[in-house]
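Heads up: the structure comes next, in structure tokens.
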Amino acid sequence: MVPEAGSVGLPLLDLRDSLLLSGVIGTCCPRISAVTDQTHEIKRDSGQWTLCRARHKAHARRKFVEAADLLEKPGRPHEALAFYRELFRIERKIKDWSDEERLRERQEKTIPLLTQFKAWLDHTVHTVLPKDTFGIAVNYALKHWEALTNFTKAGHLDASNNYAERCMRTVAVGRKAFLFVGSERAGHAAAIYYSLVESCKANKVNPLTYLTYVLANARNKSIMLPTPDEFTASNIAHVG
């Protein structure tokens, strides 16, 4: 099974000793999102966590926007953008639906739309220069087609990763302000704590309260340390 929307957290591997996130060190979202080029969506099956690449649909769209901006009048890039407009119209419509309803609507509406778009891309790729801005957009979409369409296979996935990128703004601002993190080990530690803090925010848990509890009980082997999505009022009661 996969994490439900509204319950966000990744399993912790030996949190007591290392506070390491299992699978991915990065930002968690209210729904495990269709993520960026360097990260993966996390799925759980029979207790085992595996990784599945799911690329950010808005990134592919942006390349067609760049190609369209070079034209003085509507052209083929605008045809691609028409597919994206319809795609995101569907996504806006189902934004607050349950995972089951989102999946059903995508099966009925989104997949046929993507099938048409794929046929358009397959035809268009033979008529563009590979290094041209429009050609780059077409080839990018085709090269990563499976990852770009994985969001249609599960209702909890999002087509866009904008929320996660907003969460990463803290990291980007901090990186510019700090300039240096000290060492590679310190960099891993920073990634772990950024992940825990953003997971707390996504689950409406006070990061300070959570980290106070976890660190205070890190050596207490009589209790199971909770992930941010498992943190409850009973845990908070033990925070001094």
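Read the figures in this text as sums done on the coordinates, not as results from a lab. Fair warning: this is a prediction, and the values are worked out from it, not measured in the lab. Neighbour counts run over all protein chains shown; Cβ positions are idealised from the backbone, glycine included.
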Handout entry: Loop chymotrypsin sites (Phe, Trp or Tyr not before Pro), the range 57-155 (other Cβ atoms within 10 Å of the site Cβ: 16 or fewer; DSSP)
Key = 97
Practice task
Tabulate in residue order the Karplus-calculated ³J(HN,Hα) for the range 117-130, using 6.51 cos²θ - 1.76 cosθ + 1.60 with θ = phi - 60°, rounded to whole Hz; enter x for Gly and Pro.
Solution key: 5, 5, 5, 5, 5, 4, 6, 5, 4, 7, 10, 10, 7, x
Exercise for the section: Could you list, in their original order, any pairs among 73/109; 153/201; 57/204; 63/176; 57/93; 63/143 whose Cα atoms are separated by more than 24 Å? Expected result: 73/109; 153/201; 57/204; 63/176
Fill in the blank from the handout: In whole Hz, the Karplus estimates of ³J(HN,Hα) for the range 187-203 (6.51, -1.76, 1.60; θ = phi - 60°; x where Gly or Pro) are x, 5, 4, 4, 4, 4, 5, 4, 5, 5, 5, 5, 5, 4, 4, 5, 9
Handout entry: Linear extension gain, residue 185 paired with residue 218, 0.36 nm per residue minus alpha-carbon span
Key = 9.9 nm
